[in-house]
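Worksheet for the structure shown next.
A short reminder: the numbers here are calculations on the coordinates, not readings from a lab. As the structure is a prediction and not an experimental result, all values here were calculated from the model. Methodologically, a virtual Cβ is constructed for each residue, glycine included, from the backbone with ideal geometry; neighbour enumeration extends over all protein chains shown.
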Amino acid sequence: MESYLISQFVVLAAAHFLAVASPGPDFAVVIKQSISFGKRNAVYTSLGIGSAILVHVAYSALGIAILLKQSPWLFTALKYICAAYLVYIGIKSLQAKPSTDDGVITGAVGMTQESFKSSFRLGFITNVLNPKATLFFLSIFSVVVASSTPSLWLGIYAFYLSMATALWFCFVSMIFSQQRVRKKFLAMGHYFDWVMGVILILLALKVALF
């Protein structure tokens, strides 16, 4: 039994890595935070994304994911809510103003810094509403994770998936918040925020229409 659970975990971990590494709303938001506000804010956003994974695991383990699958209108509603939230973030980015004379970039929300609580909340909400994540966990718990899997192992899965997601996006944060990388992007000034705003709105359209 234990060898089967270990094999199940390996498949789960491999599938999760491929899913989390592929570009999507989470990835775009972390890059935006890294460039606009720096490493600490991006790390808090990454921790928010990782924490949101626990929500996906919980409703998948409780069978609520099956309810989403059997109720298309619920999943459609989730998609539209996620799309609306991404559009909201995108519009905030498009509202960025040119850099001030002292060279400090003005962030997407009109501030030079964003609270860590806001950064965490941004990551958490983005991932919770991400239908891509919902589909991933629906597939995993339907195909890979057996209904007979002990609660202890489900807890191990939840902890691993949450930590692995947070660590991956923390790694992304470290890369894009390096001084030389930020300097290149910030040289674009408010144009970077505008580009990210357009990308987020395009992602919203993709989410709503897929």
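Take S177 and decide whether it is under 22 Å from T134 (Cα atoms) and among the hydroxyl-bearing types (S, T, Y).
no
Just a yes or no: is a residue in the stretch 166-189 out of contact with any Cys (no Cβ under 6 Å at 6 or more places or on another chain), in contact (Cβ under 8 Å) with a residue 12 or more places away in the chain, among the small types (G, A, S) and within 21 Å of A15 (Cα to Cα)?
The answer is yes, given that some residue of the stretch 166-189 is out of contact with any Cys (no Cβ under 6 Å at 6 or more places or on another chain), in contact (Cβ under 8 Å) with a residue 12 or more places away in the chain, among the small types (G, A, S) and within 21 Å of A15 (Cα to Cα).
Any idea which residue in the stretch 20-38 is surrounded by the most Cβ atoms within 10 Å (Cβ to Cβ), counting only those that are in a helix (DSSP H, G or I) and over 11 Å from the mean Cα position of the chain (by Cα)?
First, pick out the residues of the stretch 20-38 that are in a helix (DSSP H, G or I): 20-21, 25-37.
Of the ones still in play, those that are also over 11 Å from the mean Cα position of the chain (by Cα) are 32-37.
Working: K32: 26, Q33: 30, S34: 26, I35: 23, S36: 27, F37: 26.
Among those that are in a helix (DSSP H, G or I) and over 11 Å from the mean Cα position of the chain (by Cα), it is Q33.
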